[in-house]
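The values are calculated or read from the model by the stated rules, or taken from the named source; none is laboratory data. Because the structure is predicted, anything quoted here is derived from the model rather than measured. Cβ placement follows ideal geometry from the backbone for every residue including glycine, while neighbour counts extend to all protein chains displayed.
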Amino acid sequence: MFDLKVINSVLTEMEEERGIPRERMIDAIEQSLATAYKKEFGKRGQIITCEFDMETGTTNFNQIKIVVDESMLKPEPELDEEGNPIEIEEPEPEDGEEEDKRVRFDEEKHIMINTARMIKKDVELEEELIFPLEPKDDFGRIAAQTAKQVIMQKIREAEKESALKEFGQKAGDIVIGHVQRFERGNLYVDLGRVTAIMPYEEQIPGERFKPGERLRAILLAVEETPRGIFLKLSRSHPDFLVSLFTVEAPELQTGAVEVKAVAREAGARSKIAVHAVDEHIDPVGSLVGQRGVRVSTVMSELGGEKIDIIEWSPEPAEFIEDALSPAQVIDIKIEAEPNEEEGERGHAIAEVAGDQQSLAIGRGGQNVRLAAKLTGWKIDIISANTGEDLAEADVDGSVDVEAPVDTAAGADEDAIESEDATTTKPDIEEVLESEDDTKDRDLTEDSDEEDEIDTPEEAEDELAPAVDEEIVEEVEEREAKEAEEVEDKK
């Protein structure tokens with residue numbers, strides 16, 4: 001009935017490519033054959049098992065019956081006039097009450113203990129007795145289809161368990177796969193045995209991949225769903241940046257250097273604060289590498305994303321000053337310390353020179369925004385020249401520009417133009433009033449000149465330009481000569 005050579009080759013392929021053990025596949029075959037036998041030849045309520053011999057290809061079918069007694073059975077239901085049982089809804093157990101575990105007696109599934117002891121003397125309650133069934137090998141089309149569905153279901157379950165076992169321990173690590181397709185904003189990546197998904201919000205803005213292209217990402221989550229295993233990837237997560245540096249810097253792998261904080265705007269710019277456990281190690285130099293080879297490798301993987309590496313400091317003022325780099329800060333004033341109990345963040349004011357305003361704020365407030373995320377403090381930027389607030393950044397990423405930056409001092413106007421930045425403007429009513437005053441003043445100044453002109457003719461003579469009389473005489477003489485020549489020709 002069965003081609004053992006083909007079955008063995010299929011089992012070997014499933015074990016090597018999909019990671020499904022041979023024992024699981026044999027168990028799936030036995031369950032499918034038992035289901036097909038019950039579908040074709042069995043009765044309702046029967047418990048049928050199958051034993052498949054891989055050496056000979058023979059199958060043995062058995063029926064299982066559970067040993068019970070009167071205490072384990074529910075009373076028989078009452079019958080109506082036609083002899084059908086009357087169904088009575090059983091009340092649900094109240095709090096503290098145990099659920100009724102008694103069952104209805106089914107002669108295809110159960111066997112009374114007195115009868116069971118005639119077969120086996122030392123039988124016990126809830127023990128399973130095995131009764132051989134007549135072998136069959138001519139299953140119908142419906143039974144064969146049912147067996148196929150059982151095998152496919154068991155294969156999917158085995159694949160799910162194998163994937164969970166393999167990738168469940170890799171959550172938070174970098175994985176390598178190949179791009180399959182881009183559908184509805186989601187990127188599908190083939191990781192070998194399973195397909196992972198990278199949602200749109202986890203992708204780096206502006207990145208585009210072609211089918212078959214190699215891709216590296218961090219495995220954020222491994223979840224089990226009714227449809228199978230769900231693997232979530234990300235390239236925009238801050239942990240992906242840390243993992244890339246961990247691969248490049250041995251100091252991070254050994255724990256000699258620690259990453260204290262990360263602030264990232266994927267595809268644009270990132271700030272990372274590091275601290276050295278060993279005083280003899282330069283934490284910033286460990287990530288930068290010789291001639292910047294380590295940080296350049298990470299930047300190339302992220303599509304040229306700019307990365308600022310700063311040294312973490314336990315002193316808030318020093319840490320905030322370094323976080324605002326590359327801008328040079330004159331002074332840091334601590335306005336309020338953070339209160340963890342009430343959930344209040346610290347507040348600091350950074351004073352910068354006029355030529356450092358654009359660097360401190362950054363394009364669209366990006367530099368001060370990332371510094372606020374990195375430190376966890378609310379940061380205000382003020383000018384050393386005027387003492388006015390230039391920008392205010394909070395941890396949530398919002399940036400408010402309170403006063404325009406002086407462009408004459410070398411500031412970049414684009415540093416304060418963004419969707420997150422708002423510039424204060426004068427009241428429109430004051431502008432209109434000032435314009436009206438200017439117009440009235442201009443009309444009053446010109447009124448004296450208008451009174452000197454009495455008539456339109458005089459105004460035209462007054463405004464007409466002066467004409468040279470010699471030029472007029474030359475033109476008249478030339479016209480007269482031309483007229484005489486015309487008469488002589490006639």
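Tell me whether region 318-336 contains one or more residues that are surrounded by fewer than 17 Cβ atoms within 10 Å (Cβ to Cβ), aliphatic (A, V, I, L, M) and within 30 Å of residue 216 (Cα to Cα). Scanning region 318-336 turns up no residue that is surrounded by fewer than 17 Cβ atoms within 10 Å (Cβ to Cβ), aliphatic (A, V, I, L, M) and within 30 Å of residue 216 (Cα to Cα). Note on region 284-306: among residues that are closer than 23 Å to residue 373 by Cβ and not in a helix (DSSP H, G or I), the one that is nearest to the chain's Cα centre (by Cα) is 302. When 313, 296 are screened for being within 30 Å of residue 383 (Cα to Cα) and polar (S, T, N, Q), only 313 passes. Take the conditions within 14 Å of the chain's Cα centre (by Cα) and modelled with pLDDT under 90 and apply them to residue 221. Does it pass? Yes, satisfied.
Taking the options 235, 264, name whichever one is in contact with a Pro (Cβ under 7 Å, 6 or more places away or on another chain), at pLDDT 90 or above and surrounded by 21 or more Cβ atoms within 10 Å (Cβ to Cβ). Unique residue meeting the criteria: 264.
So which residues in region 336-355 are within 12 Å of residue 382 (Cβ to Cβ) and either without any contact (Cβ under 8 Å) to a residue 40 or more places away in the chain or under 30 Å from the mean Cα position of the chain (by Cα) (or both), if there are any at all? Steps first, answer last, please.
Filtering region 336-355 down to residues within 12 Å of residue 382 (Cβ to Cβ) leaves 348-354.
Result: 348, 349, 350, 351, 352, 353.
Can you pull out every residue in region 141-164 that is under 12 Å from residue 24 (Cβ atoms) and either charged (D, E, K, R) or touching a Phe, Trp or Tyr at 6+ places or on another chain (Cβ under 8 Å) (or both)? Across region 141-164, the qualifying residues are 154, 156, 157, 159, 160, 161. In region 198-219, the residues that are farther than 18 Å from residue 230 by Cα reach residues that are aliphatic (A, V, I, L, M) and not in a strand (DSSP E or B) with C-beta atoms within less than 6 angstrom, at least six apart or across chains, in these pairs: 204/266. A single entry from 309, 281, 320 fulfils the requirement of being part of a strand (DSSP E or B) and not charged (D, E, K, R): 309. Within region 240-257, if we keep just the residues that are under 21 Å from residue 313 (Cα atoms) and touching a residue at least 24 places away in the same chain (Cβ under 8 Å), the residue that is nearest to the chain's Cα centre (by Cα) turns out to be 241.
Could you say whether any residue in region 95-111 is closer than 19 Å to residue 231 by Cβ, under 52 Å from the mean Cα position of the chain (by Cα) and among the basic types (Lys, Arg)? Taking every residue of region 95-111 in turn, none turns out to be closer than 19 Å to residue 231 by Cβ, under 52 Å from the mean Cα position of the chain (by Cα) and among the basic types (Lys, Arg). Of the residues making up region 337-380, those that are small (Gly, Ala, Ser) and touching a Leu at 6+ places or on another chain (Cβ under 9 Å) number 4.
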